1. Between ALA169 and ARG94, what FRET efficiency comes out of the Förster formula 1/(1 + (r/R0)^6) with R0 = 30 Å and r the beta carbon distance, rounded to 0.05?
2. At 1.4 Å probe radius, can you tell me the per residue accessible area of the stretch 99-153 in Å²?
3. Considering the alpha-carbon set of the stretch 314-369 alone, what are its Rg and its Dmax in angstrom?
4. For the stretch 269-374, report the accessible area per residue in Å² (1.4 Å probe, heavy atoms, rounded to an integer).
5. Please give the contour-minus-distance gain from ARG270 to SER52: 0.36 nm per residue of separation, less the Cα-Cα distance, rounded to one decimal in nm.
6. Under a 5 Å amide H to amide H cut-off, with H placed in plane at 1.01 Å, what residues pair with ALA223 once short-range neighbours are removed?
7. Run the numbers for TRP354 and ARG124: contour at 0.36 nm per residue of separation, minus the present Cα-Cα distance, in nm.
8. First compute the accessible area of the chain with a 1.4 Å probe, then give the percent of it belonging to carbon and sulfur atoms.
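The values are calculated or read from the model by the stated rules, or taken from the named source; none is laboratory data. All values reported here derive from a predicted model rather than from experimental measurement. Reconstructed Cβ throughout: ideal geometry from the backbone, glycine too, with neighbour counts over all protein chains shown. Accessible surface is based on the protein model in full, side chains and every heavy atom, while ligands, DNA and RNA are left aside. Shrake-Rupley method; radii C 1.70, N 1.55, O 1.52, S 1.80 Å.
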Amino acid sequence: MRAAGTERADGRRVGIPARRPVVAAYLGLATIAWLAAASAGLAAAGDLGRGSPLAPDVLLATHLVGLGFLPVAVTGAALHILPILLRTGLPPGRLHLVALPLLAAGGPLVAHELAYGGAGALFRAGTGLLSAGLLLVLVQVGWLVVRAPRGRALLASRAGVALSAMHAALALAAGAALFGNPDLLGIAFPRALLVHLHLAVLGWLVLLIVTVGRTLGPMLALAPAEPPRRLPLDELALAAGLWLLLGGLAADVVPLALAGAAIAAVVLARFVALLARVGREFHTKGVEGPLVHFLAGALFLVQAVMLGVLALVDVVDPWRAGPAYVVLLLVGFAAGVTLGHLGKLLALSAWHWWPPGPRPKQAWFYPRRLWLAEAAVFATGVEGLALGALARSSTLATAGAAAVLVSAALACAAVLFTLRRGPR
């Protein structure tokens, strides 16, 4: 694989995405991890509905999403899309091949030990594998950021990508420290848990979605692109708001946390407005999974922000609102948007690497109706799961988790369809 972008005939520099087998391996394993997380979620739904968010089954399901599915899925998607958006190529060598088994083994092992084990040898082994895999991914992301051409309009912000990678590393470090010694951070455990959660979800995933989604959303929907910018103000403002929020949570200073939440909410409102415009102006032959997941994720994001603010000012009991907030933000928005793009990027990778000669249309690789069904069932399930957690209804939470599991099975079927149609 070439290490840098290539020059087209018109002199523009373009990036080279990772080869199709690499992307297929990452996204295929990510889909299996998502099915495992959804299965664990169904087993945990009863505890979630009974108001036990720290029950072992709940911890397993949450961390299978955060450590089993998302690192592998986000890395696979980034290997295809970031070289294109940053107009450069991946570093030479096979770091991405070494990172995959480390992430795939380390994440589920850590998730299991967080739920049922302890800070023993297996936890340390899993953390070591996951950290090594993350380090290799960060090296590749750093290469892309540093080698992105200067003085040219890029399709994604270097600063946004770099900040997202930094927050991913900090979230992993904070989580490991918090589990090994709850008092190590010098913060009361419930607030330290919130710091870890927001570093991972807002700092890593939401920031990355905002950074990439500004271009990727209109691109996949064939909608008009956003105008070029001189500075990535949205990404910088979201990072600033995050750190004000983290400071307020850590020091238990509600006005500071509200100020940070307000800044983040303004940035996210702008992003939601972009998604709404894309939903009105798409030019594909029909609505596709990424757009539906983006729009559903926007609704979940609005609900999460409102619920979080109400919990901060004690209008809603934070312990009661917390599980629903995590479901909406982590599962509904972060995991849902990632999952919705997984199938489309897998199809685009198969189309991009088709051998020379007659090439099928992109739609031939992408089972649109299957992904639409997946998105509809997913959105229904997440809403039911969140309402069940908030209303303390095990029946409603279980019904929502069952729908999420059905959507995961549909996602697996759709991914298998694309893999079977890919080039041999």
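1. According to the calculation, E is roughly 0.85.
2. With all protein chains present, the stretch 99-153 gives 45 Å² per residue.
3. 19.2, 63
4. Accessible area per residue, the stretch 269-374: 43 Å².
5. Working: separation 218, 0.36 × 218 = 78.48 nm, distance 3.47 nm.
My answer for the length gained is 75.0 nm.
6. HIS283
7. 78.6 nm
8. Working: 11980 of 17230 Å².
The value for the chain is 70 percent carbon and sulfur by accessible area.
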